[in-house]
Amino acid sequence: MARRSAPEVNAGSMADIAFLLLIFFLVTTTLEKDNGIARQLPPIDKSEIEPPKIKEKNLFIVLVNKNDQLLVNDSPMELEELRENAIDFLDNGGALSSSPEYCDYCKGNRSITSSDNPTKAVISVQNDRLTSYKMYISVQNELVAAYNFLRNRESQRLYGWDFTDVKKEIDAGTYLGNQSDAQDKLKEIQRLFPLKLSEAQPKKN
Amino acid sequence: MSKFTKKKSNELPPVSTASLPDIVFMLLFFFMVVTVMRDTELKVEQNLPKANQIEKLKKDRSVFIFAGKPSMQYKKNFGDEGRIQIGDKFTDVSNIGLALTEARGKLNPELQSKVVVALKVDDDTNTGLVTDIKEKLRELNMVKIIYITTSGDPLEQ
């Protein structure tokens, strides 16, 4: 038999098929990008040791009620003012220059009624059980922002870079340069402004 | 003269669509590569709250807890209260331990001790539920947690 040349496959519908697949993948794709506020919970302490007493002036008490209203150190406050007030409190450095707790890197008002030293200052957040999660996250976010602001300022002064930027780069593995050295520097900043956020058990009812 | 006028009367040639399949295939391959099939079906509503002081989640060492109101089709059976979902099923606060240990078992053995619990909680939930979860996590000694949020300014909401 005579050899017939094979008829050419019609490729005109190729685009349609590809479109179909494309639309399927477009619809099922979820570009996942999970970001969030990291936190470490305190381990359960079974020992009977009395917790050390914290001076009242070293405490910044944030209460959130079930209507999402804030009460900070016994006075009502709007969420917008929280960050600034937290920064003022942490950065106060009220200890006298003669005392061992003197804070030489603080730039606050040095009021004697506010915190002695950032390493002594504790922020305590107390929620009602009916507080909305949205408000809870907003409060946490503002308080973390206050810490980040101070840490950035300190790392700018000491090393000339932002604490949060370098931390992000190290976490992502894109940090160029001496990583362990940078880690040590991050630790030093964290020592100067330790994150002391305490969360008390929320009130029942 | 007629030589020139003839040329002008020519219409524009149609755009060639021969390379269209190639372009579409390129897009197709891109989406095929980036697609991650969801391994869990969400049974609760998930409108995450906004925050801007955020860190990236390390996926390889995290287990997820979802919480929120049951979504539409589960409302009839599970009610309107905030619920916890781990893996594919609704879980009670008292059962979190078991479900989490199971989820942790699926991680890379070297990373199991560094496990981070990612809390994906609907912004309409009561904090009480989150507190219960956190209490349980403390008992289980899984103290590293991360509240998953979307990026944005919380002051605007």
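Remarks
- Peptides B:145-152, A:10-17, ordered by how many other C-beta atoms sit within 10 Å of their residues on average, highest first, read B:145-152, A:10-17.
- Listed values for segment A:77-87 are Karplus-derived 3J(HN,Hα) couplings in whole Hz (6.51 cos²θ - 1.76 cosθ + 1.60, θ = phi - 60°), namely 8, 8, 4, 4, 8, 4, 4, 4, 5, 5, 5, and x replaces Gly and Pro.
- Applying a threshold of 26 Å to the alpha-carbon distances of B:76/B:136; B:106/B:134; A:167/B:89; A:53/B:114 flags B:76/B:136; A:167/B:89; A:53/B:114 as lying beyond it.
- Taking amide H as placed 1.01 Å from N in the peptide plane, the amide H of residue A:61 sits under 5 Å from that of A:73, A:124, each at least 5 places away or on another chain.
- Measuring between their Cα centroids, segment A:137-197 and segment A:37-95 lie 21 Å from each other.
- 3J(HN,Hα) along segment B:138-147: 4, 4, 7, 6, 10, 8, 8, 10, 9, 8 Hz, from the Karplus curve 6.51 cos²θ - 1.76 cosθ + 1.60 with θ = phi - 60°, whole Hz, x for Gly and Pro.
- Among the GluC sites (Glu not before Pro) within segment A:1-71, those in coil by DSSP and having at most 10 neighbouring Cβ atoms inside 10 Å are A:8, A:32, A:48.
- In the protein assembly as shown, one over the average inverse separation of all distinct C-alpha pairs is 24.6 Å, which is the Kirkwood hydrodynamic radius.
- Where trypsin sites (Lys or Arg not before Pro) fall in DSSP loop in segment B:67-124, at most 14 other Cβ within 10 Å: B:106
- Shown here for segment A:74-138: GluC sites (Glu not before Pro) in loop regions (DSSP other than H, G, I, E, B) with at most 14 other Cβ atoms within 10 Å, namely A:78, A:101.
- Residues of chain B were split at every exposed loop site, defined as GluC sites (Glu not before Pro) in a DSSP loop with at most 13 other C-beta atoms within 10 angstrom, and the longest piece left, sites excluded, is B:82-157.
- More than 12 Å apart - percent of Cα-Cα pairs taken over segment B:107-157: 72
- The Cβ shell under 12 Å around residue B:53 holds other residues with a net charge of +3, Lys and Arg each +1, Asp and Glu each -1.
- Label-to-label distance, nm, for residues given as residue A:178 and residue A:69 (7 Å Cα→Cβ offset): 5.5
- Peptides A:131-142, A:172-183, ordered by how many other C-beta atoms sit within 10 Å of their residues on average, highest first, read A:131-142, A:172-183.
- Other-chain or far-sequence residues with amide H under 5 Å of residue B:116's (modelled H): B:62, B:63
- For peptide A:165-177, the mean count of partner chain Cβ atoms within 10 Å of a residue's Cβ comes to 1.
- Test item: B:16-22 mean partner chain Cβ contacts at 10 Å: 3
- Per residue of B:112-123, other chain Cβ atoms within 10 Å of the residue Cβ number 2 on average.
- For residue B:149, distant residues with modelled amide H under 5 Å away: A:35, A:36, A:37
Only the coordinates and a few stated rules stand behind these numbers; no lab work does. Please read all numbers here as calculations on a predicted model, not as lab measurements. Note that we place each Cβ from the backbone using ideal geometry, even for glycine, and neighbour counts take in every protein chain shown.
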